Amino acid sequence: MFSNSSPLSGRTVLVLHAHPDDEAIFTGVTMRRLADAGARVVLVTATLGELGEVYVPLAPGETMAQRRVAELEQAAGLLGAQRLVLLGQRDSGLPGAADNVHPDALAAADPDRVARRIAALIEEEGAEAIVHDDDRGIYGHPDHVAAHRIGAAAARLTGIAGYQSTVDRDHLQAATHLVQAAARATGMEYGIPGDDVTLRLAATPAELEVKRAAIAAHASQVSPAAIPVADFDRAYGSEWFVRDGVPGILDELGDVTTTASTTSAAPVAAAVPAPV
Ligand SMILES: [Zn+2]
């Protein structure tokens, strides 16, 4: 789809996520396509998802955090990230959990303080855009809501383009996606109406295969049965964004459908209690 092999060479995008596995589930195709076009992709993961459930036995002496870092490194490599930065905040757990207010919890951190760390990274890397969660945290998880606040603040501090990662809840009515179980756990609605999506990427078969491998790399969190090959395209073959401001680097990727011009169509920031 690109006229030469690296049309985005010399350009950098910072991708911010709350937990290991979010990068693959929500932005795997986007990251892989940016990397294939020559862009530098810097993945920033805020917590180690220490509170996730474990589906596989850990090795003797191995911690959940160690396992999740290993899985994240594997997924990041598959998706073409050239640098992985771990912010080292603690997983905040589900809404209302005591972990929400742990001193190291991402949800308890001052978003402006963390945003200044991200802004420094953006400046160090010369990144021109940041990808972060939508303003409802995609499915209301306190860490995802925090990742939105931090990412949006970092974009404002640096003046770069912001792309809010989300899911099209209308599209997913006909599919089984991990976000649905996640939303049942938080008790929140997931995603936004399709009409509010400003940018959609449709995966190529090769990108879809890489995305599935990257999700599967998070084997402590995702069982192979949860991402069956037969239904994978329907659930994971698209990635959706709400763009803040003027079109930027993600709009230059192929197979982009732009359905609205700016964030005037952003979802209403209602019904998500502030993490405490
Ligand atoms: Zn997450």
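Here are the numbers:
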| item | result |
| --- | --- |
| Any hit, segment 167-180, residues being out of contact with any Lys or Arg (no Cβ under 9 Å at 6 or more places or on another chain), surrounded by fewer than 20 Cβ atoms within 10 Å (Cβ to Cβ), free of Cβ contacts under 8 Å to residues at least 60 places away in the same chain and more than 23 Å from Val229 (Cα to Cα) | no |
| Failed item in (1) open to solvent by 10 Å² or more (accessible area, probe 1.4 Å); (2) in contact with a Gly (Cβ under 8 Å, 6 or more places away or on another chain); (3) within 14 Å of the ligand (Cβ to nearest atom); (4) under 22 Å from Val41 (Cα atoms), with Tyr139 passing the rest | (4) |
| Total residues in segment 190-228, condition closer than 14 Å to Asp134 by Cβ and within 16 Å of the ligand (Cβ to nearest atom) | 2 |
| Test for Val44: is it β-branched (Val, Ile, Thr) and either at positive phi or over 20 Å from the mean Cα position of the chain (by Cα) (or both) | no |
| Condition broken by Asp135, with the remaining ones in (1) acidic (Asp, Glu); (2) at pLDDT below 95; (3) touching a His at 6+ places or on another chain (Cβ under 6 Å) satisfied | (2) |
| Qualifying residue in segment 62-77 (condition: of a type in the set (Asp, Glu) and within 16 Å of the ligand (Cβ to nearest atom)) | yes |
| Cβ-Cβ under 6 Å pairs, at least 6 apart or on other chains, segment 15-33 side closer than 19 Å to Ala182 by Cα and among the hydrophobic types (A, V, I, L, M, F, W, C), far side more than 9 Å from the ligand (Cβ to nearest atom) and open to solvent by 10 Å² or more (accessible area, probe 1.4 Å) | Ile25/Leu178 |
| Answer residue from segment 1-58, given it is away from the ligand (no atom under 11 Å from the Cβ) and of a type in the set (S, T, N, Q) and is modelled with the lowest pLDDT among those | Ser3 |
| Hey, Val246 open to solvent by less than 30 Å² (accessible area, probe 1.4 Å) and not in a helix (DSSP H, G or I) or not | no |
| Unique residue being of a type in the set (D, E, K, R) and part of a loop (DSSP other than H, G, I, E, B) when the list is Asp112, Asp135 | Asp135 |
| Answer from Leu72, Leu58, Leu87 - the residue that is open to solvent by less than 30 Å² (accessible area, probe 1.4 Å), not in a helix (DSSP H, G or I) and not hydroxyl-bearing (Ser, Thr, Tyr) | Leu87 |
| Condition check for Ala181: out of contact with any Cys (no Cβ under 9 Å at 6 or more places or on another chain), within 16 Å of the ligand (Cβ to nearest atom) and assigned to a helix (DSSP H, G or I) | yes |
| Residues located in segment 220-241, provided they are of a type outside the set (Lys, Arg) and either open to solvent by 40 Å² or more (accessible area, probe 1.4 Å) or part of a helix (DSSP H, G or I) (or both) | Ser223, Pro224, Ala225, Ala226, Pro228, Val229, Ala230, Asp231, Phe232, Asp233, Ala235, Tyr236 |
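Rundown of residues vs (1) within 25 Å of Glu71 (Cβ to Cβ); (2) out of contact with any Leu (no Cβ under 9 Å at 6 or more places or on another chain), yes/no style:
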position: His144; (1), (2): yes, yes
position: Arg149; (1), (2): no, yes
position: Ala155; (1), (2): no, yes
position: Asp170; (1), (2): no, yes
position: Leu178; (1), (2): yes, yes
position: Glu189; (1), (2): no, yes
position: Ile227; (1), (2): yes, no
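The values are calculated or read from the model by the stated rules, or taken from the named source; none is laboratory data. Please read all numbers here as calculations on a predicted model, not as lab measurements. Every residue, glycine among them, receives a Cβ derived from its backbone with ideal geometry; neighbour counts consider all protein chains shown. In case anyone asks, the SASA skips ligands and DNA or RNA and just uses the protein heavy atoms, side chains included. Shrake-Rupley method; radii C 1.70, N 1.55, O 1.52, S 1.80 Å.
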